[in-house]
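Accompanying notes for the structure given below.
Where a number appears in this text, it was derived from the coordinates with a stated rule and is not lab data. Please read these numbers as outputs of a predicted model, since none were measured by experiment. Ideal geometry is used to build each Cβ from the backbone, glycine not excepted, and the neighbour counts take in all protein chains shown.
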Amino acid sequence: MKPPLNPYIVLVVALVLPGMGQVLNRQPVRGLVFVCFAILLGAFTLKTAAPEVSFVGKMAGGLFVWAMAVFDAYKTARIRHTVWSHAQNAPR
């Protein structure tokens, strides 16, 4: 059985590229869904935010989805790594 990636590597990649953490966790469709929703919500808040709102405020929807994708990727990688570690240490 191939060991899963280190959760911290998945975390760093997910912070840099939205959706790639899910791809590294072998969940490419889930990663694509996160990217699509980040783009959709980012575009929605960009169009609906008042002109005096900061750039971060205008992109708040997309940034929120990105943050959830990072959390999801790290959590999944951590669970997979823990399960794999316990399976390796189990008596046979």
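For this structure, a couple of remarks:
- Against the test of being in contact with a helix residue (DSSP H, G or I) (Cβ under 9 Å, 6 or more places away or on another chain), part of a helix (DSSP H, G or I) and within 21 Å of residue 24 (Cα to Cα), the options 84, 66 yield a single qualifying residue, 66.
- Residue in segment 54-63 that is within 28 Å of residue 6 (Cα to Cα) and out of contact with any Ser or Thr (no Cβ under 6 Å at 6 or more places or on another chain) present: yes
- In the set 51, 28, only one residue is over 15 Å from the mean Cα position of the chain (by Cα), on the phi < 0 side of the Ramachandran plot and surrounded by fewer than 16 Cβ atoms within 10 Å (Cβ to Cβ); that residue is 51.
- Within segment 1-56, tally of residues that are among the aliphatic types (A, V, I, L, M) and part of a loop (DSSP other than H, G, I, E, B): 6
- Here residue 61 fits the description: in contact with a Phe, Trp or Tyr (Cβ under 8 Å, 6 or more places away or on another chain), in contact (Cβ under 8 Å) with a residue 12 or more places away in the chain and buried (at least 19 other Cβ atoms within 10 Å of the Cβ).
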